[in-house]
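For reference, the structure is listed below as structure tokens.
The values are calculated or read from the model by the stated rules, or taken from the named source; none is laboratory data. Everything numeric in this text was worked out from a predicted model, so none of it was measured. Don't worry about glycine lacking a Cβ; one is built from the backbone with ideal geometry, like all the others, and counts go over all protein chains shown. Areas reflect the complete protein model, heavy atoms only, side chains present, ligands, DNA and RNA absent. Shrake-Rupley method; radii C 1.70, N 1.55, O 1.52, S 1.80 Å.
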Amino acid sequence: MESSGAGQRGDGLQNTRLHASNPSKVLRARARATCKWCGNLIDWFDRFDGGRIPLTPMTFPSDQVPAQNRWNVDRGIAHHGAIAGECRIPHPAICPSVDHVGQDPEIARMTHVLRLNTRKLIDSGVFTPPVAAPEDEEEIAQPEPAAAAAAGEVRHVLCHGSVLKICPGRVEDLRCVADADRTGRRCESPVFDATEGRWTRVDIPHAAGRNGKAILLTYRGQMWVWEINPLEFKDALRWLWQKCPNHRDAPEAYERELIDFSTARHAPFILSRRPEGYGAPGEERQVVNGFALFSEPARTQCAADGCWNGTVVAVKDGWLCWQCTKRARTREVVRRKWQQPTTLPRPQEPIPAQQTYEPSGDVTAAFIGDLSPTESLIADSFTARDDDTPF
């Protein structure tokens, strides 16, 4: 980060600019904050996967920190691991506002230090804790934005590959977090661009416990999300970093309102139906920067209960996949077999005396009545002889 030397802004901060090669667009002066739950200092950094993470302001010897809690920062981007024997710790792992289960002794000691500091902040009146405590570490790492809609309202979910982000409201209302040009105020332009995405169905992330299973059963394991499919990865980062097309490389002046989607926390906002007003559901052709893109056509799911197979071919209502068709055919055969009336064998009657078999010299004649026409011809070859018989 470099100072432009252009004087003071209206909010008292100096005008600054980021180097063009810097992958992170977060100003360090804006990234220093305090935890909303415990009041201790934290530093926000962009993660290597496009998200954000709060880390401790100071570094610690890596040999005193468990491997899963070691993070380092390189050019403003947070990565797993340590550098030169030093590392940072994610604040949710040591935040005293949540009960940690199975903590490492050294991490537990750090949590105790932060707990004492929180008590000092509360006693001095500097910090007032919220009424409701966080449920887990995930809620500490991803606090809800101030503009988030309440339960019962609409909050759309963005999707890029395996990354799911939930908006504070509708996707078209998501605003840019950069400063407007030469005004010192937040940009009014939206992040939304209809040519760089489409509505699609994705699998709901797994959630542990009975509540998670109930959510998956309620929505049959899938939900509607706005999928980002730009031609370049920089355009995808523009969405994830909440920037309008004009401020793609501009520094962030305000907090991002996009947070990671959580199945348990954001279950009231899961969409089971495709939102209307964003184009035809069967639309397959899109034009982006003058190039035609072809998205996946409408997918029909198998009508069998509990089956997630589908097809993109036009089929009739009640279509079954080949596996379910085979099972249905087998069940039908078994059903018909058990529905057929059972025929009991008739009792055997005694054979009359005149029909009793009497042995005779001609063995073939005794069985001639039970032979088929073909077998009778074969039997005749052994009984009928004439002058043309070769033997």
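Looking at Glu153, Glu172, which one is assigned to a loop (DSSP other than H, G, I, E, B), charged (D, E, K, R) and within 17 Å of Trp226 (Cβ to Cβ)? Working first, answer last.
On the way: Glu172 fails: assigned to a loop (DSSP other than H, G, I, E, B).
Of the residues listed, the single one that is assigned to a loop (DSSP other than H, G, I, E, B), charged (D, E, K, R) and within 17 Å of Trp226 (Cβ to Cβ) is Glu153.
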* **Tally of residues being modelled with pLDDT of 85 or more and part of a loop (DSSP other than H, G, I, E, B) across segment 257-283** => 14
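Just the residues that are of a type in the set (Gly, Ala, Ser), free of Cβ contacts under 8 Å to residues at least 60 places away in the same chain and either in a strand (DSSP E or B) or surrounded by 15 or more Cβ atoms within 10 Å (Cβ to Cβ) (or both), please, taken from segment 68-106.
Residues of segment 68-106 that are of a type in the set (Gly, Ala, Ser), as a first pass: 76, 78, 81-82, 84-85, 93, 97, 102.
Now narrow it down to the ones that are free of Cβ contacts under 8 Å to residues at least 60 places away in the same chain: 76, 78, 81-82, 84-85, 93, 102.
Selection gives Gly76, Ala78, Ala82, Ala93.
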* Which of the residues that make up segment 107-152 are touching a residue at least 40 places away in the same chain (Cβ under 8 Å), open to solvent by 40 Å² or more (accessible area, probe 1.4 Å) and of a type in the set (S, T, N, Q)? -> Asn117
* **Considering residues of segment 181-225 that are in contact (Cβ under 8 Å) with a residue 60 or more places away in the chain and among the hydroxyl-bearing types (Ser, Thr, Tyr) only, the residue nearest to His156 (Cα to Cα)** => Thr200
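This table checks each residue for (1) more than 14 Å from Cys38 (Cα to Cα); (2) modelled with pLDDT under 90; (3) touching a Cys at 6+ places or on another chain (Cβ under 7 Å).
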| position | (1), (2), (3) |
| --- | --- |
| Ile107 | yes, no, no |
| Met110 | no, no, no |
| Ala149 | yes, yes, no |
| Arg182 | yes, yes, no |
| Arg185 | yes, yes, no |
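Only residues that are more than 13 Å from Arg238 (Cβ to Cβ) and either outside any loop (DSSP other than H, G, I, E, B) or open to solvent by less than 50 Å² (accessible area, probe 1.4 Å) (or both): list them for segment 176-194, please. Walk me through it before giving the result.
Taking segment 176-194 first, the residues more than 13 Å from Arg238 (Cβ to Cβ) are 179-186, 188, 194.
Hits for segment 176-194 are Asp179, Ala180, Gly184, Arg186, Ala194.
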* Asked: Can you find even one residue in segment 226-233 that is among the polar types (S, T, N, Q), open to solvent by less than 30 Å² (accessible area, probe 1.4 Å) and touching a residue at least 24 places away in the same chain (Cβ under 8 Å)?
  -> no
